[in-house]
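Novice: The structure that follows is given in the form of structure tokens.
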Amino acid sequence: MNDKVRKSSRHSKIVGDFGESLVLYWLSKHGFECAKVDHTGIDLIANNRFTHEVMGISVKSRTRLEGTETDTVNIPADDFKKIDDACRAFMCKPYIAVVVDAKDTIRVFIVSKEHLLALYPEFPQKANCYWKMSPTDLEKYDKDEDVKAFELKTKDGHWWVGGPGL
């Protein structure tokens, strides 16, 4: 771990809320009717204006410190049952959104559960599904029309420097 960066004690909760809000904002900005939901298995429900399907979206958000930018995002196997149960209850198609804040780029990927499992067919034999973040994988996602993605570039302006943990 990079000793020069210290996250707050509530960072996991904050990054989760941020990821959900960012995906919700982006969908809304592009004309999707959508809402944040407080339900086990899914975080967002969106009416896809392009496909006319209702999407139940589970958002997985992570912050990656310098040197860990290519670490995978682990999605526990039991999350898939929770996503399926919630989507059945709300009559929607299961989707996963992966939000990764790494260095100077925040990347967001939205993919159907069905396509995620096609990308990683080895998953059922493993305890987790691993969304890979290597440069090769990022290039693969970029060429895959079924992986919807966007990224934001970040830049610190006038910010605190030199203090403990900074």
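Novice: Is at least one residue of the stretch 15-24 charged (D, E, K, R) and within 12 Å of the chain's Cα centre (by Cα)?
Specialist: Looking through the stretch 15-24, at least one residue is charged (D, E, K, R) and within 12 Å of the chain's Cα centre (by Cα).
Novice: Mind checking whether some residue in the stretch 93-115 is surrounded by fewer than 15 Cβ atoms within 10 Å (Cβ to Cβ) and closer than 19 Å to ASP38 by Cβ?
Specialist: no
Novice: Kindly indicate whether any position in the stretch 124-139 is modelled with pLDDT of 95 or more, assigned to a loop (DSSP other than H, G, I, E, B), in contact with a helix residue (DSSP H, G or I) (Cβ under 7 Å, 6 or more places away or on another chain) and surrounded by 10 or more Cβ atoms within 10 Å (Cβ to Cβ).
Specialist: So far as the stretch 124-139 goes, no, none of its residues is modelled with pLDDT of 95 or more, assigned to a loop (DSSP other than H, G, I, E, B), in contact with a helix residue (DSSP H, G or I) (Cβ under 7 Å, 6 or more places away or on another chain) and surrounded by 10 or more Cβ atoms within 10 Å (Cβ to Cβ).
Novice: Give all pairs with beta carbons closer than 9 Å in which a residue from the stretch 146-166 that is farther than 30 Å from TYR120 by Cα meets a residue that is modelled with pLDDT under 95 and exposed (fewer than 10 other Cβ atoms within 10 Å of the Cβ); count only pairs at least 6 apart in sequence or on separate chains.
Specialist: GLY165/ASP3; GLY165/LYS4; LEU166/LYS4; LEU166/TRP159; LEU166/TRP160
Novice: Output the number of residues of the stretch 138-160 satisfying the condition of being over 15 Å from the mean Cα position of the chain (by Cα) and over 24 Å from LYS93 (Cβ atoms).
Specialist: Residues meeting the conditions: 9.
Novice: Regarding VAL23, is this residue under 19 Å from ASP146 (Cβ atoms) and out of contact with any Phe, Trp or Tyr (no Cβ under 7 Å at 6 or more places or on another chain)?
Specialist: Yes, satisfied.
Novice: Of the residues LYS60, LYS13, LYS81, LYS36, only one is in contact with a Phe, Trp or Tyr (Cβ under 9 Å, 6 or more places away or on another chain), charged (D, E, K, R) and either surrounded by 12 or more Cβ atoms within 10 Å (Cβ to Cβ) or farther than 27 Å from GLU139 by Cβ (or both); which?
Specialist: Selected residue: LYS60, the only one of LYS60, LYS13, LYS81, LYS36 that is in contact with a Phe, Trp or Tyr (Cβ under 9 Å, 6 or more places away or on another chain), charged (D, E, K, R) and either surrounded by 12 or more Cβ atoms within 10 Å (Cβ to Cβ) or farther than 27 Å from GLU139 by Cβ (or both).
Novice: Moving to a separate point now. Quick one: which strands (runs of 3 or more DSSP E) lie wholly within the stretch 1-97 and hold at least 1 residues that are among the hydroxyl-bearing types (Ser, Thr, Tyr) and closer than 24 Å to ALA127 by Cβ?
Specialist: Qualifying strands (runs of 3 or more DSSP E): 54-64.
Novice: Report, by residue number, each residue of the stretch 20-66 that is charged (D, E, K, R) and touching a Lys or Arg at 6+ places or on another chain (Cβ under 8 Å).
Specialist: Taking the stretch 20-66 and keeping what is charged (D, E, K, R), we get 20, 29, 33, 36, 38, 43, 49, 53, 60, 62, 64, 66.
Within the stretch 20-66, GLU20, GLU33, ASP43, GLU53, ARG64, GLU66 meet the criteria.
Novice: While we're here: Based on this model, can you work out whether ASP101 counts as at pLDDT 95 or above, charged (D, E, K, R) and either in a helix (DSSP H, G or I) or more than 20 Å from THR63 (Cα to Cα) (or both)?
Specialist: On the way: at pLDDT 95 or above: yes; charged (D, E, K, R): yes; either in a helix (DSSP H, G or I) or more than 20 Å from THR63 (Cα to Cα) (or both): no.
Against the criterion (at pLDDT 95 or above, charged (D, E, K, R) and either in a helix (DSSP H, G or I) or more than 20 Å from THR63 (Cα to Cα) (or both)), ASP101 does not qualify.
Novice: Filter the stretch 128-139 for residues that are in contact (Cβ under 8 Å) with a residue 12 or more places away in the chain and either more than 18 Å from THR70 (Cβ to Cβ) or not small (Gly, Ala, Ser) (or both) and give the result. Don't jump to the end; show me each part of the working.
Specialist: To start, the set of residues in the stretch 128-139 that are in contact (Cβ under 8 Å) with a residue 12 or more places away in the chain comprises 128-135, 138.
Those that are in contact (Cβ under 8 Å) with a residue 12 or more places away in the chain and either more than 18 Å from THR70 (Cβ to Cβ) or not small (Gly, Ala, Ser) (or both): ASN128, CYS129, TYR130, TRP131, LYS132, MET133, PRO135, LEU138.
Novice: Condition first: of a type outside the set (A, V, I, L, M) and farther than 15 Å from SER58 by Cα. Now tell me which residues in the stretch 104-127 satisfy that.
Specialist: So the first thing to find is which residues in the stretch 104-127 are of a type outside the set (A, V, I, L, M), and the list is 104-105, 107, 109, 112-115, 120-126.
Selection gives ASP104, THR105, ARG107, TYR120, PRO121, GLU122, PHE123, PRO124, GLN125, LYS126.
The values are calculated or read from the model by the stated rules, or taken from the named source; none is laboratory data. Quantities reported herein were computed from a predicted structural model and do not represent experimental measurements. No Cβ is skipped: glycine too gets one built from the backbone with ideal geometry, and neighbour counts run over all protein chains shown.
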